[in-house]
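The values are calculated or read from the model by the stated rules, or taken from the named source; none is laboratory data. Keep in mind it's a predicted model, so treat the numbers as computed, not measured. Here Cβ is always computed from backbone atoms with ideal geometry, including for glycine, and neighbour counts include all displayed protein chains. These area figures cover heavy atoms from the full protein model, side chains too; ligands, DNA and RNA do not enter into them. Shrake-Rupley method; radii C 1.70, N 1.55, O 1.52, S 1.80 Å.
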Amino acid sequence: MRCDHTPAWKVLTAHAAERKGFDLRTAFAQDPSRADTLSQTAPHVFADLSKNLVDAATEALLRELARQTGLAAHRDAMFRGEAINTTEGRAVMHWLLRQPEGSLGGDLAEPLAQVHATLQPMLAFAETIRADAQITDVVNIGIGGSDLGPQMAVLALQDFVIPGKRFHFVSNVDGHELAGVLKGLKAENTLFLIASKTFTTIETMTNACSALGWFQAQGGTNVARHFAALTTNVAAAAELGITTTFGFWDWVGGRYSMWSAIGLPVAIAIGVQGFRDLLAGAHAMDQHFQTAPLVQNLPVRLGLLDVWYRNFLNYTSRSIAPYHSALRRWPAFLQQLEMESNGKQVDRNGHALAYGTSPVLWGEPGTNGQHAYFQMLHQGTDVVPLEFIAVKKPTHNWAKHHELLLANAIAQAQALMLGKADEGGHKHFKGNRPSTFLLLDELTPASLGALIALQEHRVFVSGSVWGINSFDQWGVELGKVLAQDIHARMASGQVAGLDASTAGLLKRLR
């Protein structure tokens, strides 16, 4: 049953209307156990949900909505390998990429064997590159899921990256980005990784061909040694002289592909054991999502909280504040994961939705954000739920820095909730602003893997309740098609059939 047709939806609508005066300060004063009830530990992650505009009754109603929309059955279908990506007729099995070897039988035994048959040579190649002192720079060329996940992970795990090698990421078709990366590099010391499942993505292939041209102009001749492809189109890679390729499967969506061969730059950066730890952390969260009861299932609680805010409190965005500089690409990674997955306007049957889906995600690392947009979070006219991510143990020796960083994170969450009275108005903080606090003991490959899988499953939960297909991205395609037409017109100058604005811009840019 679609969510807005369920009895629970009507009850939640009434519940939200009754709770318009809900105040976090009062809730804490009336319930001494609130922090414990609305906090929990999942693999590698502690979550404090107590500063959100919910209570046990709200969560119970949201769980009933999940039951009435068939969330558990939908989750179980995904883990059985059923084709829940209905518009493309595909299974959704990124979780299989971190499943231990030989741990599944039946119809999933063969796909799992293929996963490990691909993983082992990929990791062996990564170790070869790690041991090659001549290769000092690794340039990953991809876009979307072939860029954001690996880039975020390599930055996040910088303390685990092999010394003596630098990692660069090129995604934008803007030549300034590629030129900036190539400046100062030497062909004989550079390995290029071309990441494109089909080897037809226009941005990636444009950058790849330009990188190949640069390599040859710099005197490079051994393309096979200095280029590898992460693709299923082995023939197209061979046409460029690339003989080392690692593939993956159509049941791996781009924004869920870091666990596959797309993760090769991560494996080179942190090594075989580091990459296996990343997979193990994610697998631990997979098991939690599969087996934990809904009342203590963290992806479920977060996903249902997102539904509560989007549809019943009408909040249209969520801000992400990682209080760790190594997680500076975390907000960008989550933007693709959630908005490309759940930015949909029709349900799985193609029927128009009468309710909102994905919120807008945005953010910057703390404490930088405090001196930028936090003003709006505290005193602006819109309420924006904020999600803090903090790490207990630093990897540097400046204890005062880390204490101050964590103190700021905790204090900002406190200030958003408590507010401050001021009769003059300008210094008045209304308070009662919601936030979630996610805490890792350490930022390691295992904890990062768990944190990413937590967010993947959270997106699944809200998308499932909304009744949408979270695993296609048709909205990306229209602009690509039109860009090809405009590109051809830039050479010909023909504007026939174009609207006046597009024609005018084309003429001006020519």
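Tabulated results
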item	result
Pick from the range 164-197, criterion closer than 18 Å to ARG130 by Cβ and open to solvent by 70 Å² or more (accessible area, probe 1.4 Å), ranking: nearest to the chain's Cα centre (by Cα)	ARG166
Flag if GLY70 is under 28 Å from GLY106 (Cβ atoms), modelled with pLDDT of 95 or more, surrounded by fewer than 21 Cβ atoms within 10 Å (Cβ to Cβ) and touching an Asp or Glu at 6+ places or on another chain (Cβ under 8 Å)	no
Subset of the range 315-331 (residues that are touching a strand residue (DSSP E or B) at 6+ places or on another chain (Cβ under 9 Å), open to solvent by 10 Å² or more (accessible area, probe 1.4 Å) and either within 14 Å of VAL459 (Cα to Cα) or outside any loop (DSSP other than H, G, I, E, B) (or both))	SER317, ARG318
Restricting the range 466-502 to residues that are at pLDDT 95 or above, of a type in the set (Gly, Ala, Ser) and surrounded by 11 or more Cβ atoms within 10 Å (Cβ to Cβ), the residue that is farthest from HIS5 (Cα to Cα)	SER470
Condition met for PHE46 (closer than 24 Å to GLN414 by Cα, open to solvent by 10 Å² or more (accessible area, probe 1.4 Å), touching a strand residue (DSSP E or B) at 6+ places or on another chain (Cβ under 7 Å) and aromatic (Phe, Trp, Tyr))	yes
Restricting the range 428-444 to residues that are among the charged types (D, E, K, R) and more than 22 Å from the chain's Cα centre (by Cα), the residue that is farthest from ASP159 (Cα to Cα)	LYS430
Residue match in the range 125-140 (condition: surrounded by fewer than 15 Cβ atoms within 10 Å (Cβ to Cβ) and under 18 Å from LEU230 (Cβ atoms))	yes
Spans of helices (runs of 4 or more DSSP H) in the range 197-304 with at least 2 residues of a type in the set (D, E, K, R)	264-291
Checklist (1) touching a Ser or Thr at 6+ places or on another chain (Cβ under 9 Å); (2) part of a helix (DSSP H, G or I); (3) more than 14 Å from TRP308 (Cβ to Cβ); (4) open to solvent by 60 Å² or more (accessible area, probe 1.4 Å) applied to GLU64, failing item	(3)
Subset of the range 75-110 (residues that are part of a helix (DSSP H, G or I) and either among the basic types (Lys, Arg) or crowded, with 17+ Cβ neighbours inside 10 Å (or both))	ARG75, MET78, PHE79, HIS94, TRP95, LEU96, LEU97, ARG98, LEU108
